[in-house]
Amino acid sequence: METRIELEELLKLLEAKQYTNVRQFLAELNVADIAVLMEELEEEGMLKVFRILPKDLAAEVFSYLEVDSQHSIINSLSEREAGNIIDNLMADDAVDFLEEMPANVVKKLLANASPETRRDINHLLRYPEDSAGSIMTVEYVDLKENLTVDQAIERIRRVGLDSETINICYVLDAKRTLVGTVALRYLLISPWDAVIGDIMHENVVYINTLMDQEEVARQFQKYDFTAMPVVDNEKRLVGIITVDDI
């Protein structure tokens, strides 16, 4: 019932061409709810709403849309605009989308994405289908073991916005080997000058990039974690998997 009321309000604003009000109205909704409303619109209305959304919010909503709707939006955008969408998607969401697109379209989209985005997506695309590496995300917070708590929190402020989760941070040595984890809440109550290597939790449960997805799911059920780190054969951290990925 609530969705119907919101849809009527959205249609009324679009018909009146009150696009600033449309943007404000949608900004107050959850991204998943915005996607539901957009799926109720005719294609022209859906495309109009998508262009009205702020860039960051548009990318979030895009990841919740049906594949057909995603294709319609990409086809309506210039290559540069489409590249911006790919840039603002989480890497694992971008991979899921690109795997549904024709090869010639993928090539154009990646050509207009940032070098960092291309690197992350190509990194994920190399892993076998149904492996942990194929569903992991490369957006996470890592901390060097020699940082102080103060330095660690400053790093979280810088990179946390682009990470899937900041509740658990992953501690690395100089060779990017995973050596521990530290919870954000523990950082907040620790002395500012404490060294991460001294306060981290060393007994880390991790997943190998080539582990089958079904086994990954069993690991999540066994440990009841919301996220788990993914390492290569040298135990170097290469990504994380969140429970919603599974």
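The values are calculated or read from the model by the stated rules, or taken from the named source; none is laboratory data. These numbers were taken from a predicted model, which means no experiment stands behind them. Cβ placement follows ideal geometry from the backbone for every residue including glycine, while neighbour counts extend to all protein chains displayed. The area values use the complete protein model at the heavy-atom level, side chains included, leaving out ligands, DNA and RNA. Shrake-Rupley method; radii C 1.70, N 1.55, O 1.52, S 1.80 Å.
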* Count charges around Phe25 for me, please; just the other residues with Cβ under 12 Å from its Cβ, Lys/Arg as +1, Asp/Glu as -1. => -3
* the chain: calculated mean residue ellipticity at 222 nm from DSSP helix runs of at least 4, using -39500 (n - 2.57) -> -15500 deg cm²/dmol
* Structure fact -> For the stretch 16-90, the convex hull over Cα atoms projects on average to an area in nm² of 4.7 nm²
* For the stretch 183-246 versus the stretch 65-79, the gap between their alpha-carbon centres in whole angstrom -> 34 Å
* Structure fact -> Of the candidates Phe50, Val67, Gln18, the farthest towards the positive dipole end of the stretch 16-73 (Lys/Arg Cβ +1, Asp/Glu Cβ -1, centred on the Cα centre) is Gln18
* Structure fact -> Relative contact order of the stretch 55-111 (C-alpha contacts under 8 Å, at least 6 apart) in percent is 45 percent
* Computed label-point distance, nm, for sites Leu11 and Asn122 using a 7 Å Cα→Cβ extension -> 4.7 nm
* Give me the accessible area per residue for the stretch 130-195, probe 1.4 Å, as a whole number in Å². => 51 Å²
* Within the chain, longest stretch free of exposed chymotrypsin sites (Phe, Trp or Tyr not before Pro) [DSSP loop, at most 15 other beta carbons within 10 Å] -> 1-191
* **Fully extended contour minus Cα-Cα distance, from Asn75 to Arg185, at 0.36 nm per residue** => 35.2 nm
* With a cut-off of at most 11 other beta carbons within 10 Å, and DSSP calling the residue loop, which trypsin sites (Lys or Arg not before Pro) in the stretch 1-104 qualify? Please list them. => Lys17
* Glu99 versus Val243, label points 7 Å from Cα toward the beta carbon: distance in nm? -> 2.3 nm
* For the chain: relative contact order, % (alpha-carbon pairs under 8 angstrom, 6 or more apart) -> 14 percent
* **Cα-centre dipole for the chain with unit charges at Cβ (Lys and Arg positive, Asp and Glu negative), debye to 20** => 940 debye
* Under the definition of Cα pairs under 8 Å and six or more residues apart, what whole-number percent is the relative contact order of the stretch 105-246? -> 27 percent
* Asked: Quick one: of the DSSP bridges fully inside the stretch 130-246, what percent are antiparallel, nearest 5?
  -> 75 percent
* Asked: Rounded to the nearest 5, what is the percent of antiparallel bridges among the DSSP beta bridges in the chain?
  -> 75 percent
* Long-range amide H partners of Asn208 with built H, under 5 Å -> Val231
* What's the carbon and sulfur percent of the chain's accessible surface, probe 1.4 angstrom, rounded to a whole number? -> 46 percent
* Asked: Across the chain, where is the longest run that never hits GluC sites (Glu not before Pro) in a DSSP loop with at most 13 other C-beta atoms within 10 Å?
  -> 130-201
